[in-house]
Every structure is written in C-alpha cells, then in structure tokens.
Ligand SMILES: Cc1cc2nc3c(=O)[nH]c(=O)nc-3n(C[C@H](O)[C@H](O)[C@H](O)COP(=O)(O)OP(=O)(O)OC[C@H]3O[C@@H](n4cnc5c(N)ncnc54)[C@H](O)[C@@H]3O)c2cc1C
Ligand code: FES
C-alpha cells in the first residue's frame with residue numbers, strides 16, 4: 001500500500017529509518033522534515049575532531065544528496081511548530097501543511113539552558129548542532145580563558161579539545177564527581193586526572209551564585225565565594241528530549257515520548273525513535289531513554305522496519321562512548337541496577353573495566369582505556385549481556401584471562 | 001610479481017583461529033588474521049580515526065574496531081558499519097613452510 005510517510009526531525013535516527021523503510025517499501029512517499037538546513041550528519045565529532053579541525057563539515061554527512069535522490073527520499077528544510085494527530089497533519093510557522101499516513105518522530109534532544117541572569121542569556125554558548133560548533137570554533141580562536149559549566153560527557157569533550165588547542169580551561173561541576181553517578185567514581189577520577197595532567201582545572205561540588213560581565217570578562221562567583229575570571233563561557237549542563245511540540249496533545253509523554261519495543265507511541269500510526277523516545281526494553285523489562293550514536297542508528301532502523309511492516313522488537317543492548325584526550329570511555333548495558341561490582345584491570349594503558357552484576361549475570365559495564373583498549377572486552381561483555389550468561393567472577397576480574405572464554409559455546 | 005615484496009610476518013601458529021596479530025613493517029602497521037579458511041591481511045589502523053585494529057574483535061569474516069565499533073570485512077576491506085565509512089586496504093597473504101607472508105606494495 002502506498003503511504004505518505006513523514007519523518008519529523010532530520011537527524012541520525014531519521015536517516016536510518018528512511019533508508020530502512022525504502023529497503024522494504026519501494027512505493028510509499030518518504031519525506032524527512034528537518035529544521036537544520038543541511039542533510040542528517042554525525043554529531044559526535046562536533047565536540048572533538050570538528051573543533052580540532054581534523055574533521056570538516058563535508059566529512060560529517062551520513063549520506064549525500066545523490067543517495068537520497070536515488071532512494072527517493074525527500075528532505076524539506078522546515079521547522080514544524082504544530083501537530084494535529086487527529087487529522088494527521090503537521091504545520092510550519094507559516095501554516096504550510098504536511099499530511100501523513102504514518103509519522104515517525106525523531107526530534108532528538110536539546111540542551112538545558114542556564115538560568116542565571118536573563119541579560120546574559122546571549123553570552124553563554126551551547127553545543128548541539130553544526131551551527132553552534134562553527135560559532136564556538138570561530139570564537140575560541142580569540143579567547144584564552146574558557147570556562148565550561150557542567151562536567152558531563154559533552155562538556156569534558158569540549159574541555160579536552162580546547163585544551164589541545166592550547167586554551168586554559170576550567171570545568172565547574174556541581175556534583176562530587178565528573179560524568180554523573182552512572183560512571184564508577186574510580187573511572188571518573190582517572191578521567192579527571194587526565195584533564196588535570198593536561199592543564200585543565202576541574203572544580204567539583206561547587207554551584208555558581210552569579211556571573212557578572214565586566215567589559216569582555218566574565219566573573220563567575222561560586223558558592224564558596226571563590227571567583228573565576230574567564231573570557232568565554234560554554235554550558236553543557238545536560239539535555240532534555242525535544243517534546244515541547246507535543247505537550248498539549250494526547251501523545252503519551254514521560255521523560256520523552258513513551259514507546260513500546262516496536263517504536264510505537266500511544267497514538268496509532270505514530271512512531272518515535274532516537275534521543276526523543278523513552279522506549280521499553282524487553283531484556284531489562286523497563287523503559288529507558290538513551291542519547292547515543294549507536295542507539296539513534298539502531299532504533300531508527302528498528303522504527304523503519306516496523307513502519308514498513310516488518311514487525312521487529314528493539315532489543316539492542318545500550319552502548320556509547322566518549323573520547324577525551326587519548327582516552328576512550330565505553331558504557332554497555334545499564335549500570336544503575338546491580339548487586340555487585342567487579343573490577344578488571346587498574347591502569348588506563350591496559351584498560352580498566354567495572355562490571356555491574358545482578359543474579360550472577362552482567363547487567364552493564366563501564367570501561368576506560370587509552371584509545372580502543374577496552375573495546376574488545378566491552379564488546380564481548382555486550383554479547384554476555386545479550387545471551388544472559390551466568391559469568392565466572394574470577395575470569396571477569398583477571399585481565400590475563402580472555403573474556404571470550406565466558407561466551408557459552410553452542 | 002617481484003619476490004622481494006613478500007614480507008615474512010611469522011609462523012602460522014602465532015595466530016589463534018578467529019584472531020589477529022599486529023605486524024609493523026617500516027613505518028606501517030598491518031593486521032594479519034587467521035580465519036577458518038585461511039590467513040588474511042589488512043591495514044592495521046582504522047579508517048575512521050588513528051586507532052589500532054589489533055585491539056578489535058574478529059567475528060567470522062569481520063573485524064570490529066575497538067574504539068567506536070566500526071566494522072570491516074576482513075577479506076574485502078569493505079566498511080560495513082558506521083562510523084567507519086572508508087574501506088580498509090587489504091593485502092595478499094601466502095603461507096610457505098608454516099610461515100606467513102604478506103605482499104606489501
Ligand atoms: C556534541 C555532541 C557529541 C556527541 N558525542 C557522542 C559520542 O561521542 N558518542 C555517542 O554515542 N553519542 C554522542 N552524541 C549523541 C548522538 O549524537 C545523539 O544521540 C544522536 O545524534 C541522536 O540522534 P537523533 O536522530 O535522535 O537526534 P538528532 O541527531 O539530534 O536529530 C534531531 C533533529 O531534529 C530536528 N528537529 C527537532 N525539532 C524539530 C522540529 N520541530 N521541526 C523540524 N526539525 C526538528 C533537530 O534540529 C535535529 O536536527 C553526541 C551528541 C552531541 C550533541
Ligand atoms: S576509530 Fe575505528 S570506528 Fe572510530
């Protein structure tokens with residue numbers, strides 16, 4: 001059957017869904033609506049190789065416009081600001097109307113904004129898209145003392161990149177460790193040490209009382225009365241799913257758009273995928289929302305399958321990475337529901353991994369190592385989680401024993 | 001085909017099945033793999049970023065990069081999964097008297 005399929009939000013989940021739908025359905029119209037004026041692109045390099053000038057705009061696109069033309073996938077550069085689920089219509093600001101038979105929402109997430117002083121709102125910078133990355137890259141050329149508010153992944157990646165550009169960087173984090181409680185404290189400390197070794201200042205456990213602008217300098221006053229002078233402020237204080245558009249509709253929302261394991265929302269013919277979706281994971285038997293590259297890809301593909309009639313459960317084990325200096329951090333599974341923690345290795349040169357176990361099975365793991373040192377073990381861990389394997393703690397904790405010994409032979 | 005381009009990598013038993021070893025020659029790094037049907041060789045550095053594939057995982061005919069899980073077909077070098085999108089260079093391999101040789105151009 002020929003359908004009008006609209007994908008709202010032109011990012012990673014969108015493009016993977018579109019290509020997947022086309023694989024199974026050569027007839028339907030597929031249109032991606034994206035408010036950014038460029039085709040879907042990869043965001044991970046924005047805080048890393050793009051700032052470092054090792055990757056450029058043309059390196060970031062998932063597919064060229066030729067591929068989209070070949071696949072008969074349309075891309076309209078519009079921002080949708082009203083949705084009428086009952087009549088299956090989307091509206092732009094100028095009241096242009098798009099009608100759909102099937103809708104996929106993949107609007108991603110947006111950065112939380114600082115609320116300190118309304119007069120300074122335009123003085124603080126955030127990083128989510130290519131436009132913002134270009135602006136930051138340009139401005140930092142003439143700045144030396146840079147303060148990053150928030151010690152999460154994106155803030156720390158920016159801190160690492162700017163330090164490599166010889167900037168003096170200060171990171172202010174409200175919590176008592178970097179990257180939030182989900183990361184084992186030992187790993188957060190190793191990351192912190194690396195930042196300090198490269199000359200970055202890391203301030204933990206401090207809140208910002210106020211920021212005062214004096215000419216081109218900002219004075220940041222902390223709650224212990226200490227003062228930081230800086231000439232550029234970037235905030236990375238977390239993100240929220242982009243769901244404002246749906247707040248007064250009957251689409252079920254709860255920390256994102258609630259979806260089942262088939263990417264279906266509470267409204268018939270409306271699907272959601274990627275950062276914006278709070279999806280049910282059958283293996284963990286709970287809902288979760290992820291902001292990661294691999295999830296956006298796989299969830300987009302899964303939504304594409306379900307939209308085109310290939311009923312498919314989403315069972316991917318969560319996985320993400322963060323690169324800072326020459327360190328590569330990886331998380332697999334979930335690390336907030338466990339009875340026991342097992343440590344493997346103690347030095348970043350060979351990799352350090354913390355496994356989180358429940359009922360003798362691994363629920364998740366977090367590893368840190370120089371370049372890809374933990375990659376293989378984390379990958380094998382993902383397989384062990386997938387197969388729900390009862391694991392031998394002794395092998396897990398001994399870096400001299402290969403983890404693939406734990407994978408059950410068929 | 002000139003003989004001198006075949007470089008000795010080591011003995012066949014230096015690589016376990018479904019595994020790889022890193023081989024450095026002059027200023028280049030290679031990976032040499034032992035799959036169920038023989039030996040294969042590719043560049044040793046991922047095409048996505050400067051990361052050694054020696055720490056990656058070999059699964060069937062594929063090598064998965066340890067950094068961001070980009071996947072390549074070992075036999076053809078084809079990039080199969082993002083963020084890797086540029087193919088990996090492959091090299092001919094021969095085995096002579098239980099020794100592995102790769103042909104570097
Ligand atoms: C700086 C940065 C670094 C990252 N680094 C890593 C990393 O190292 N590793 C990792 O695993 N993950 C990383 N991520 C996360 C990863 O990039 C995201 O999880 C992924 O992009 C999510 O894909 P998505 O399709 O859900 O949303 P997005 O890719 O964010 O796409 C959503 C799109 O929808 C558009 N949109 C929203 N509302 C509307 C509307 N009303 N009308 C039209 N268009 C709209 C947005 O403008 C955007 O273009 C990073 C993210 C950022 C921002
Ligand atoms: S470095 Fe190999 S996939 Fe990124």
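Bear in mind these aren't lab numbers, they're just calculated from the coordinates by the rules spelled out. No experiment lies behind these values; they were computed from the predicted model shown. Glycine gets a Cβ as well: all are built from the backbone with ideal geometry, and neighbour counts include every protein chain shown.
Mind grabbing the base-10 log of I(q)/I(0) for region A:231-297 at q = 0.12, 0.25 Å⁻¹? Debye formula, identical points on the C-alpha positions, no solvent, two decimal places.
After summing over all Cα pairs, the log10 values are -0.35, -1.13.
Looking at chain A only, what percent of DSSP beta bridges run antiparallel? Nearest 5 please.
Of those bridges, close to 60 percent are antiparallel.
What Kirkwood hydrodynamic radius do you get for region A:173-298 when you take the inverse of the mean 1/r over all pairs of distinct Cα atoms, in Å?
Result for region A:173-298 stands at 18.0 Å.
Highest GNM mean-square fluctuation, chain A, Cα pairs closer than 10 Å: which of A:166, A:145, A:192?
Looking only at A:166, A:145, A:192, the biggest GNM fluctuation is shown by A:166.
With no solvent and one point on each alpha carbon, what is the Debye value of log10 I(q)/I(0) for region A:326-406 at q = 0.19, 0.21 Å⁻¹?
Scattering profile of region A:326-406, log10 relative to I(0): -0.70, -0.87.
Grab the beta carbon distance between residue A:268 and residue A:206, set R0 = 51 Å, and tell me the FRET efficiency rounded to 0.05. Intermediate values should be presented prior to the final figure.
Working: r = 49 Å, r/R0 = 0.96.
Once the sixth-power term is evaluated, E becomes 0.55.
Counting only helical runs of four or more DSSP H residues, what would the 222 nm mean residue ellipticity of chain A come to if each run contributes -39,500 (n - 2.57) and the total is spread over all its residues?
Dividing the helical sum by the residues of chain A leaves -6500 deg cm²/dmol.
Alpha carbons only, please: Rg and Dmax for the protein assembly as shown, in angstrom.
24.3, 77
Against the globular-protein guess of 2.2 N^0.38 Å, express the Cα radius of gyration of region A:47-185 as a ratio, rounded to two decimals.
On the way: Rg = 19.6 Å, N = 139, 2.2 N^0.38 = 14.3 Å.
Region A:47-185 yields a ratio of 1.36.
Go ahead and set up a Gaussian network model of chain B, Cα springs under 10 Å, then flag whichever of B:16, B:54, B:62 fluctuates most.
B:16
Under Stokes-Einstein, with the Kirkwood radius over Cα pairs standing in for Rh, what whole-number D in µm²/s applies to region A:1-84 at 10 °C and 1.306 mPa s?
The estimated diffusion coefficient comes to 115 µm²/s.
Considering all alpha-carbon pairs of region B:3-103, what whole percent are spaced by more than 23 angstrom?
Of the Cα pairs, 19 percent sit more than 23 Å apart.
Once every Cα of region A:113-237 carries one equal point scatterer and solvent is ignored, give the base-10 log of I(q)/I(0) from the Debye formula at q = 0.10, 0.15 Å⁻¹, two decimals.
These q points yield log10 I(q)/I(0) values of -0.28, -0.65.
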